[in-house]
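The values are calculated or read from the model by the stated rules, or taken from the named source; none is laboratory data. Please read these numbers as outputs of a predicted model, since none were measured by experiment. Here the Cβ positions follow ideal geometry from the backbone for every residue, glycine too, while neighbour counts run over all protein chains shown. Protein only, heavy atoms only, side chains kept; ligands, DNA and RNA dropped before computing areas. Shrake-Rupley method; radii C 1.70, N 1.55, O 1.52, S 1.80 Å.
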Amino acid sequence: MKEALKEAEKAAAMGEVPVGAVIVKDGEIIARGHNRTETDRDPTAHAEMIAIREAAKALGGWRLSGCEMYVTMEPCSMCAGAVVWSRISRLVIGTMDPKGGACGSVFNIVQEPKLNHRVDMETGCLQEECSALIRKFFRDLRAERSLQKNRLPEETEA
C-alpha cells in the first residue's frame with residue numbers, strides 16, 4: 001500500500017484526485033497507476049484502470065488471476081467492474097468512498113454473487129494515511145476555489 005500511496009502523491013502533484021494503485025503478482029509489483037483523468041482528458045484514466053492495462057501488458061494477457069491490487073481509495077463502479085472482469089484475485093483498499101465506492105460502500109460489485117468472479121477483499125490498509133491524502137487534496141481545492149471567488153475583479157484581470 002505504501003507504493004500505491006506514492007502513486008497517489010504523484011496524482012496530487014499533477015492536480016489530480018490523489019488515488020494510486022499497484023498490482024502485485026508473486027510478491028512483485030508488475031503494474032502501477034495513478035489518476036490521470038484531467039491530464040489525459042479521459043474519464044477512464046483512473047489509477048486502477050491504468051494499472052490493470054499495464055498488468056495485462058506485463059503478463060501478455062487480460063486474465064490477472066493470482067494478482068493482488070492495492071488501491072488507496074475504494075474503486076468506483078467502472079474500476080470495480082474492471083477488477084472483476086480482469087479476474088484479479090485479491091483487492092486491498094486503503095480508505096472507503098461512501099459517496100461513490102463500489103466495493104461495499106454504495107455497491108459491492110467485486111463480491112456480487114450474480115457475477116462469474118468474486119474478489120477477496122480487505123479494507124482499511126493504511127487507512128489513515130490514505131484518507132488524510134484525500135481530505136487534504138479536497139480541503140486545498142476548496143480553499144483555492146474560495147480564494148478565486150473572493151478576489152476583487154481588478155486582481156483577476158492582471
Built amide H within the under 5 Å cut-off of Gly66, gap 5+: Ser89
Amide proton proximity set for Ile30, modelled H, under 5 Å, gap of 5+: Ile23, Val24, Lys25
Sequence of Thr37, Thr95 from largest to smallest accessible area, 1.4 Å probe: Thr37, Thr95
Solvent-accessible area per residue for the range 26-158 (1.4 angstrom probe, square angstrom): 59 Å²
Computed [θ] at 222 nm, helices only, for the chain once each DSSP H run of length n ≥ 4 contributes -39500 (n - 2.57): -13000 deg cm²/dmol
Given charges at Cβ of Lys, Arg, Asp, Glu: the range 2-158 dipole, positive-most of Pro98, Thr44, Ala80: Ala80
DSSP H segments from the chain that extend 15 Å or more along their own axis, Cα-based, with Kyte-Doolittle mean of -0.5 or above: 47-59
Fraction of beta bridges assigned by DSSP in the chain that are antiparallel (%, nearest 5): 55 percent
Computed over the range 60-158: relative contact order in percent, which uses C-alpha pairs under 8 Å that are six or more apart: 24 percent
Assigned charges on the beta-carbon of Lys, Arg, Asp, Glu; the chain dipole about Cα centre (debye): 340 debye
Cut-off under 5 Å, modelled amide H: who pairs with Gly104 long-range: Ile109
Nearest-10 value in Å² for the accessible area of Leu147, using the 1.4 Å probe: 100 Å²
Ellipsoid equivalent to the range 79-137 - semi-axes via the Cα gyration tensor, in Å: 23, 12, 9
More than 21 angstrom apart: percent of Cα pairs within the range 1-124: 29 percent
Inter-label distance, nm, simple model (7 Å from Cα along the C-beta direction), Arg139/Glu112: 3.6 nm
Ranked order, Phe138, Phe107 - accessible area, probe 1.4 Å, largest first: Phe107, Phe138
Percent of Cα-Cα distances greater than 22 Å, calculated over the range 60-158: 43 percent
Estimated D of the range 1-52 in µm² per second, where Rh is the Kirkwood radius over Cα pairs and Stokes-Einstein applies at 20 °C, 1.002 mPa s: 202 µm²/s
Contact order relative to length of the range 1-138, as percent, for alpha carbon pairs under 8 angstrom and 6 or more apart: 20 percent
